[in-house]
Amino acid sequence: MIGSRSSNSISRSNEDVGAGAGCHAGAGCHAGAGTQYGRRRRGVVVMRFADKVCVVTGAAKGIGLATAQRLAAEGAHVVLAGRDGHALERAARTFQGAHEPLCVSLDVGEDDQCAQAVETVVARFGRIDVLVNNAGIYAKGDVVSTSPELWARILQINLTGAFYMSRHVVPHMMRRRYGVVVNVASEAGLVGIRGQLAYNVSKAALIGLTRSLAVDLAPYGIRVNAVCPGTTWTPLVERAVQAESDPAAARRALEECRPLGRLGSPEEIAAAVCFLASDECGFATGAVLAVDGGYTAQ
Ligand SMILES: NC(=O)c1ccc[n+]([C@@H]2O[C@H](COP(=O)([O-])OP(=O)(O)OC[C@H]3O[C@@H](n4cnc5c(N)ncnc54)[C@H](OP(=O)(O)O)[C@@H]3O)[C@@H](O)[C@H]2O)c1
């Protein structure tokens, strides 16, 4: 970041709580509100995002909320962006970072709403250091059962939404010759998972967007990377599992199909997003990090 590229601050604490230390999160292990992510081993508190302005889309719940909480706990000014203003406000009340989150309502599938939201953030803070394109939707369907409308909707939110947010945020990053974009893709973007055609394609294309942006924006000091979560216990997955005829069996199948034999937690995905977003990961751009319990290693 211009002016504070090496500003990651480290301070002392009496606490000895790891970022998920000991939380070899079985499915359903949610660290939840109030987790002191900034606290690390031997009482050293790492604040990798001290005073950085970090925008997270889809931040009302799930992976987006866990990411925003962790960024805030490490010192960021966090902007919670999402469709439901009330849900964002409720989420904001659970934050314990130094700065109160700013909530902005937007549908990432609408270019003018993305432009307006970015304008609001820049008017308030003067800059954006980190953009996490996390908002996404999921639906089942193969090539026969996926309607053109569903296909278009999934691509619009999961892929075009990241393009819209990036096209409005990047000029502000270019001006300062600093910025980081992290796209939340999926294991489904790395391999073809049966029966979820449009979702798979949207995430594969998001990985393509990540690599193209990384190459184009490297000369401006802007890094662009992607995290590919494996199945993670969030409201999105809970909904999909509950829709099955035998939800318990469906969940078991999701756990058993990966070498680690369990689902991920939102906090584990948030940790990977924050690593890629941090300056300690400064040499990585165009990277695609699978955090999937080994699913795509098989
Ligand atoms: N959970 C997994 O297993 C998993 C695995 C791989 C990748 N991912 C990806 O990780 C991301 C987060 O997933 P999650 O599991 O945390 O999902 P989630 O629990 O359903 O949360 C998704 C968030 O995105 C928001 N959102 C959806 N459409 C939006 C739009 N058009 N504009 C703005 N916000 C929108 C939702 O808002 P509302 O509250 O209004 O719905 C919600 O807050 C998604 O991109 C997903 O594809 C998840």
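FYI, it's all coordinate maths here, none of it is from the lab. Just so it is clear, the structure is predicted and the values come from calculations on it, not from any experiment. All Cβ positions, glycine included, derive from the backbone under ideal geometry; neighbour counts span all protein chains shown.
One table, with the values for the structure above:
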quantity: Residue within the stretch 164-175 that is without any contact (Cβ under 8 Å) to a residue 40 or more places away in the chain, in a loop (DSSP other than H, G, I, E, B) and not small (Gly, Ala, Ser) present; calculated: no
quantity: Top-ranked residue of the stretch 274-288 - restricted to ones that are under 12 Å from the mean Cα position of the chain (by Cα) and within 19 Å of Ser212 (Cα to Cα), ranked as surrounded by the fewest Cβ atoms within 10 Å (Cβ to Cβ); calculated: Leu276
quantity: Condition met for Asp129 (away from the ligand (no atom under 14 Å from the Cβ), surrounded by 15 or more Cβ atoms within 10 Å (Cβ to Cβ) and of a type in the set (Asp, Glu)); calculated: yes
quantity: Failed item in (1) at positive phi; (2) within 11 Å of the ligand (Cβ to nearest atom); (3) surrounded by fewer than 15 Cβ atoms within 10 Å (Cβ to Cβ), with Gly62 passing the rest; calculated: (3)
quantity: Candidate set: the stretch 169-185, residues that are over 18 Å from the mean Cα position of the chain (by Cα) and buried (at least 18 other Cβ atoms within 10 Å of the Cβ); chosen: the one farthest from Gly294 (Cα to Cα); calculated: His172
quantity: Test: Tyr220 is crowded, with 18+ Cβ neighbours inside 10 Å, touching a residue at least 40 places away in the same chain (Cβ under 8 Å) and of a type in the set (Phe, Trp, Tyr); calculated: no
quantity: Residue among Ala188, Ala205 that alone is under 16 Å from the mean Cα position of the chain (by Cα), within 18 Å of Leu289 (Cβ to Cβ), within 16 Å of the ligand (Cβ to nearest atom) and not aromatic (Phe, Trp, Tyr); calculated: Ala188
quantity: Residues within the stretch 63-95 that are under 13 Å from the mean Cα position of the chain (by Cα) and basic (Lys, Arg), tallied; calculated: 1
